[in-house]
Amino acid sequence: MPSEHLEKIFHDVYHRKVELLLNGLRLTQQFIDEIRNYTPNFYRGRKGGAGPAGGRYFFFKETGSVVNVALWGPQSEHSYLELIGILGKNNNNLEYITCKIQNAQSKNSYSVDLIPIPTNYNEKRNLNSSFNKQIALIHGTSCLASTIIQKCRYWGEKTACAFCGIEYSLQEGATIEKKSSEQLIRAIRDARKFSLCNHITLTMGTLSKPDKGAENYIEIVSSIKKKYPNLPIHIQIEPFDDIDKLFILKKVGVDTIGVHLEIPNDQLRKNYCPGKSETSRSTYEKFWKKCIEIFGRGQVSTFVLLGFGENNQETIRYNTKLIKMGVIPNIMPVRYIMGTNLEYKPISLANLIEIYDSAAESLLNYQLDPHLNKAGCIRCMGCSAIIDAYDYHKVRHQNK
């Protein structure tokens with residue numbers, strides 16, 4: 001394939017993905033009518049939980065990238081991107097449904113594959129009267145993700161992050177409060193049976209413990225690794241003081257770690273994350289550096305959420321600082337979750353692309369390849385276009 005053509009493919013997928021992450025998709029009546037021929041009860045995505053909710057995963061066959069797209073809520077309802085119909089089944093994967101997306105403003109259109117809900121895995125019985133979908137969900141095409149404790153101290157203290165819906169899915173009965181290592185091992189077994197699990201993401205709400213939940217991860221990860229020693233595992237946790245436990249986490253089998261600042265600007269962080277912001281940005285920076293010593297450059301990540309009225313250049317400078325340090329910024333526009341009190345200030349598409357472009361250039365400059373990240377959100381690719389931006393800019397540089 002000519003390199004100029006390859007560059008265009010990466011450019012188009014990257015820009016389409018950023019647009020979808022920012023705007024979501026509006027469903028037309030034609031799509032709703034046609035999707036019933038494939039699935040009678042079309043699922044638009046969960047409405048609570050940890051991380052971006054309310055989406056379905058789509059697949060760009062041109063590059064193999066996946067994207068989690070909002071199909072309900074303000075982004076979807078007001079989107080100029082429309083799901084206008086079904087083109088049929090993907091010839092290479094008959095479970096994937098090829099959909100047509102149209103830009104209502106430009107009338108340009110393209111196709112993308114809808115990844116099916118893994119019903120065979122979801123509805124399979126787990127332990128203690130639970131179902132797999134209550135224990136761990138499939139993210140993208142091959143990431144099994146579980147919120148091992150569906151409670152957060154900040155919810156109890158009325159200082160929860162404005163964008164977080166971690167306990168809503170618990171209130172709705174979509175999950176259970178605490179997952180055991182035995183339940184997770186059963187879910188992993190079933191997911192691997194259907195080729196749905198090549199790596200794992202484990203997260204939880206922040207606990208009222210000095211180690212923020214590190215001991216809970218140590219027990220679960222060590223149990224999983226005894227059964228599946230070669231399965232990469234990602235965990236997410238706030239900074240804590242006992243650095244010895246970081247070494248233990250690495251020893252029992254944690255491969256990558258996410259320590260999520262969420263918002264680089266201190267005032268915005270205080271406004272939107274009143275509980276988490278009690279832990280200073282400098283504390284995060286010291287903890288990231290220690291994590292890099294233990295897990296390695298590129299195996300440490302942090303969420304950088306956008307849509308709070310942040311300053312673009314400030315965000316770009318901080319992303320560069322993170323990357324120089326060895327931390328991958330998992331950049332994504334914040335997504336509204338029903339029931340939260342988020343004052344959403346959408347970032348413009350141009351500003352969002354500028355941030356991704358700058359981060360991609362920094363990744364190349366500091367030789368931090370996100371493809372080498374072993375497990376978790378970076379590898380999944382569903383909620384951020386950081387790898388897509390990196391791939392495009394790498395090819396573009398090669399063509400100079």
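Determine, yes or no, whether Lys245 is at pLDDT 95 or above and surrounded by 18 or more Cβ atoms within 10 Å (Cβ to Cβ). Please lay out each step first, then the result.
On the way: at pLDDT 95 or above: yes; surrounded by 18 or more Cβ atoms within 10 Å (Cβ to Cβ): yes.
The answer is yes for Lys245.
Can you pull out every residue in region 96-113 that is part of a loop (DSSP other than H, G, I, E, B) and surrounded by 12 or more Cβ atoms within 10 Å (Cβ to Cβ)? Give the steps one after another, and end with the answer.
Keep residues of region 96-113 that are part of a loop (DSSP other than H, G, I, E, B), which gives 96, 104-108.
Listed by number, the residues that qualify are Tyr96, Ala104.
Before we move on, is Leu352 surrounded by fewer than 21 Cβ atoms within 10 Å (Cβ to Cβ), modelled with pLDDT of 95 or more and closer than 23 Å to Lys17 by Cα? Talk me through it step by step, then tell me what you get.
On the way: surrounded by fewer than 21 Cβ atoms within 10 Å (Cβ to Cβ): no; modelled with pLDDT of 95 or more: yes; closer than 23 Å to Lys17 by Cα: yes.
For Leu352, the condition - surrounded by fewer than 21 Cβ atoms within 10 Å (Cβ to Cβ), modelled with pLDDT of 95 or more and closer than 23 Å to Lys17 by Cα - is not met.
Let me confirm something: among Ile237, Ile220, which residue is out of contact with any Phe, Trp or Tyr (no Cβ under 9 Å at 6 or more places or on another chain), buried (at least 19 other Cβ atoms within 10 Å of the Cβ) and either modelled with pLDDT of 95 or more or more than 23 Å from Asn330 (Cβ to Cβ) (or both)? First the steps, then the outcome.
Values: Ile237 fails: out of contact with any Phe, Trp or Tyr (no Cβ under 9 Å at 6 or more places or on another chain).
The conditions single out Ile220.
Within region 1-45, how many residues are free of Cβ contacts under 8 Å to residues at least 24 places away in the same chain and touching a Lys or Arg at 6+ places or on another chain (Cβ under 9 Å)?
1
Would you tally the residues in region 77-111 being among the basic types (Lys, Arg) and either more than 20 Å from Gly64 (Cα to Cα) or over 25 Å from the mean Cα position of the chain (by Cα) (or both)?
If we filter region 77-111 for residues that are among the basic types (Lys, Arg), which is where we start, we get 89, 100, 107.
Keeping just the survivors that are either more than 20 Å from Gly64 (Cα to Cα) or over 25 Å from the mean Cα position of the chain (by Cα) (or both) gives 89, 107.
Selection size over region 77-111: 2.
Pick from region 355-400 the residues that are modelled with pLDDT under 95 and among the polar types (S, T, N, Q): which of them is nearest to Val304 (Cα to Cα)?
In this case the residue turns out to be Gln398.
Go over the candidates Ile149, Ile166 one by one and state the one that is farther than 21 Å from Pro118 by Cα, at pLDDT below 95 and touching a strand residue (DSSP E or B) at 6+ places or on another chain (Cβ under 7 Å).
Numbers: Ile149 fails: at pLDDT below 95.
Of Ile149, Ile166, the one residue that is farther than 21 Å from Pro118 by Cα, at pLDDT below 95 and touching a strand residue (DSSP E or B) at 6+ places or on another chain (Cβ under 7 Å) is Ile166.
Restricting to region 162-179, name every residue that is of a type in the set (S, T, N, Q) and closer than 14 Å to Lys133 by Cα. Let's see the steps before the verdict.
Step one: list which residues in region 162-179 are of a type in the set (S, T, N, Q), which gives 169, 171, 175.
Matches in region 162-179: Ser169, Thr175.
Check region 230-245 and report whether any residue there is in the same structural domain as Ile148 (by TED's automatic domain parsing), on the phi > 0 side of the Ramachandran plot and in contact with an Asp or Glu (Cβ under 8 Å, 6 or more places away or on another chain). It would help to see each step written out before you state the result.
At the first step, the residues of region 230-245 found to be in the same structural domain as Ile148 (by TED's automatic domain parsing) are 230-245.
Then drop every residue that is not on the phi > 0 side of the Ramachandran plot, which leaves none.
No, there is no match, as no residue in region 230-245 is in the same structural domain as Ile148 (by TED's automatic domain parsing), on the phi > 0 side of the Ramachandran plot and in contact with an Asp or Glu (Cβ under 8 Å, 6 or more places away or on another chain).
Mind checking which residues of region 184-222 are hydrophobic (A, V, I, L, M, F, W, C), touching a residue at least 40 places away in the same chain (Cβ under 8 Å), within 23 Å of Thr279 (Cα to Cα) and part of a helix (DSSP H, G or I)? Can you show your working first?
Taking region 184-222 and keeping what is hydrophobic (A, V, I, L, M, F, W, C), we get 184-185, 187-188, 191, 194, 196-197, 200, 202, 204, 207, 214, 218, 220-221.
The next check asks that each one be touching a residue at least 40 places away in the same chain (Cβ under 8 Å); those that pass are 184-185, 187-188, 191, 194, 196-197, 200, 202, 204, 207, 220.
Restricting the remaining residues to those that are within 23 Å of Thr279 (Cα to Cα) gives 202, 204, 207.
Within region 184-222, no residue meets the criteria.
Taking the residues in region 169-180 that are crowded, with 17+ Cβ neighbours inside 10 Å and modelled with pLDDT of 90 or more as candidates, determine which candidate is nearest to the chain's Cα centre (by Cα).
Filtering first and then ranking leaves Thr175.
For region 249-308, what are the residues that are in contact (Cβ under 8 Å) with a residue 40 or more places away in the chain, of a type in the set (Lys, Arg) and part of a helix (DSSP H, G or I)?
Of everything in region 249-308, those that are in contact (Cβ under 8 Å) with a residue 40 or more places away in the chain, of a type in the set (Lys, Arg) and part of a helix (DSSP H, G or I) turn out to be Lys250, Lys276, Lys286, Lys290.
Please report, ordered by residue number, the helices (runs of 4 or more DSSP H) entirely within region 119-164 with at least 3 residues that are out of contact with any Asp or Glu (no Cβ under 7 Å at 6 or more places or on another chain) and under 17 Å from Phe194 (Cα atoms). I'd like the intermediate steps shown before the answer.
Numbers: elements: 119-122, 132-135, 153-156.
Once the helices (runs of 4 or more DSSP H) in region 119-164 are filtered for at least 3 residues that are out of contact with any Asp or Glu (no Cβ under 7 Å at 6 or more places or on another chain) and under 17 Å from Phe194 (Cα atoms), what remains is 119-122.
Out of Ser146, Ser130, Ser142, report the one residue that is more than 14 Å from Ser180 (Cα to Cα) and hydroxyl-bearing (Ser, Thr, Tyr). Step through it out loud before you land on a result.
On the way: Ser146 fails: more than 14 Å from Ser180 (Cα to Cα); Ser130 fails: more than 14 Å from Ser180 (Cα to Cα).
Result: Ser142 is the single residue among Ser146, Ser130, Ser142 that is more than 14 Å from Ser180 (Cα to Cα) and hydroxyl-bearing (Ser, Thr, Tyr).
Tell me, which residue of region 1-28 that is touching a Ser or Thr at 6+ places or on another chain (Cβ under 7 Å) and basic (Lys, Arg) is surrounded by the most Cβ atoms within 10 Å (Cβ to Cβ)? Outline the logic, then answer.
We begin by selecting, within region 1-28, every residue touching a Ser or Thr at 6+ places or on another chain (Cβ under 7 Å); these are 9-10, 13, 17, 23-26.
Cutting the leftovers down to basic (Lys, Arg) gives us 17, 26.
Numbers: Lys17: 26, Arg26: 20.
By that ranking, first place goes to Lys17.
Out of all the residues in region 348-363, which are closer than 14 Å to Asn330 by Cα and charged (D, E, K, R)?
Of everything in region 348-363, just one residue is closer than 14 Å to Asn330 by Cα and charged (D, E, K, R), namely Asp357.
When the residues of region 363-384 are narrowed to those that are within 9 Å of the chain's Cα centre (by Cα), in a loop (DSSP other than H, G, I, E, B) and of a type in the set (A, V, I, L, M, F, W, C), which ends up surrounded by the most Cβ atoms within 10 Å (Cβ to Cβ)?
Residue satisfying both the conditions and the ranking: Met381.
Being surrounded by fewer than 18 Cβ atoms within 10 Å (Cβ to Cβ), aliphatic (A, V, I, L, M), more than 30 Å from Asn341 (Cβ to Cβ) and at pLDDT below 95 is the requirement here; does Leu127 meet it?
When the stated conditions are applied, Leu127 does not pass them.
The values are calculated or read from the model by the stated rules, or taken from the named source; none is laboratory data. No experiment lies behind these values; they were computed from the predicted model shown. All Cβ positions, glycine included, derive from the backbone under ideal geometry; neighbour counts span all protein chains shown.
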